[in-house]
Amino acid sequence: MRVMPSAFEAAPAPSLGLFAGGVATGLGTALANGCTSGHGLCGCARLSPRSFVAVPIFMFFAAFTTNVRAGTFKLGEFAPLTQPAEGSVSLAAMLAAVFLATPPLVFMLTTKDSHAREAAVGAWVGLSFGTGLSLGGMSKASVVTSAFSLSTPNLTLWVLFFSGLTATFLIYRVAEHYMKVPQAIAPSGGRIDARLMVGSAIFGIGWGATGFCPGPLLVNLGATPMEPTILLTLAGIVTGILSSNLYGQALDTLMN
């Protein structure tokens, strides 16, 4: 927050609506076994049929929910392109250099301890992901909701999403062809079932209602750990995840 204050915005007042949106986000993520990063980035980059079904569903329901909440489906003017905040470009370049230089150092220092290496790689991935979300504007709920809004369309989310998808796709292809990593291609036997489709729809509703999916919400939690709105939305997500088994069993019973 202190390093990149322009990457965050004032949170709205806490409300039952935000809690309910959080519940939908958590429930949908658990039922569909993924959300924007799991299905949208990793799944599509791994050529997963499940993700090719999930992503259009949750994108549609996020857009529908956002415009219902705005009370209009009338197309307005696109948000103008803005200049990056002062110092953000140089900061992003410096952080990118640090993140690119870190993996070789991690492997050099942890060659004899696989557990330490796994922990260090996990920390590196989390820092990279959180920094990218912050610099890209995804830590602002308004950027997400305006990306789906017809009245105030903003292309920031789409630029970041397709840039991230392109990078992820290329990394998986390198892993597939040069490193022979079997997980670079999704298994063909994944089920496209009611849990996937209903969960994706529920997640889309929650995402459109709050502007937060789990990743950016955790970034905001790290930046403002005592913000009531962030804590309330997180509580909703946790509630949704914990109740997912019950809803999943009910859905399976209904479909069978």
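The values are calculated or read from the model by the stated rules, or taken from the named source; none is laboratory data. The structure presented is a predicted model; accordingly, all values stated were derived computationally and were not measured. Here the Cβ positions follow ideal geometry from the backbone for every residue, glycine too, while neighbour counts run over all protein chains shown. For the accessible areas, the whole protein counts, side chains as well, though only heavy atoms, and no ligand, DNA or RNA atoms are used. Shrake-Rupley method; radii C 1.70, N 1.55, O 1.52, S 1.80 Å.
Please work out the Cα center distance from the range 147-221 to the range 1-70, rounded to the nearest Å.
Their Cα centres are 9 Å away from one another.
Express the Stokes-Einstein translational diffusion coefficient of the range 122-256 in µm² s⁻¹, to the nearest whole number, given a Kirkwood radius over alpha-carbon pairs, 4 °C and a viscosity of 1.567 mPa s.
Value of D from the Cα-based Kirkwood radius: 74 µm²/s.
May I ask which residue of GLY22, LEU246, LEU157 lies farthest towards the positive end of the charge dipole of the chain, with charges of +1 (Lys, Arg) and -1 (Asp, Glu) on Cβ and the Cα centre as origin?
LEU246
Compute a Gaussian network model of the chain, connecting alpha carbons closer than 10 Å, and tell me which residue from SER114, SER243, SER142 fluctuates the most.
Among SER114, SER243, SER142, the largest GNM mean-square fluctuation belongs to SER114.
Using a 1.4 angstrom probe on heavy atoms only, work out the carbon and sulfur share of the accessible area of the chain in %.
70 percent
To the nearest 10 Å², what's HIS177's accessible area with a 1.4 Å probe?
Roughly 110 Å² of HIS177 is accessible to a 1.4 Å probe.
Keeping all protein chains in the complex and leaving out DNA, RNA and ligands, what accessible area do you get for ARG46 with a 1.4 Å probe, in Å² to the nearest 10?
Counting only protein heavy atoms, the figure is 60 Å².
For the chain, what is the largest minus smallest coordinate of the Cα atoms on each principal axis, given in angstrom and ordered from greatest to least?
53, 51, 34
Residue separation times 0.36 nm, minus the C-alpha to C-alpha distance between LEU100 and SER142: what's the value?
Full extension of this stretch gives 12.1 nm more.
Would you list VAL238, VAL53 from the most to the least accessible area, probe 1.4 Å?
In descending accessible area the options line up as VAL238, VAL53.
Counting helices only, and only those DSSP H runs with n ≥ 4, report the 222 nm mean residue ellipticity of the chain as the sum of -39,500 (n - 2.57) divided by its residues, in deg cm²/dmol to the nearest 500. Walk me through the numbers on the way to the answer.
Values: 10 runs with 168 residues, N = 256.
Helix-only estimate at 222 nm: -22000 deg cm²/dmol.
For the chain, what is the accessible area per residue in Å², given a 1.4 Å probe and the full set of protein chains? Kindly include the intermediate steps, with their values, before the conclusion.
Working: 14440 Å² over 256 residues.
Ligands and nucleic acids excluded, the result is 56 Å² per residue.
Using label points projected 7 Å from each Cα along Cα→Cβ, tell me how many nm separate SER114 and LEU246, to one decimal.
Those two pseudo-labels are separated by 4.0 nm.
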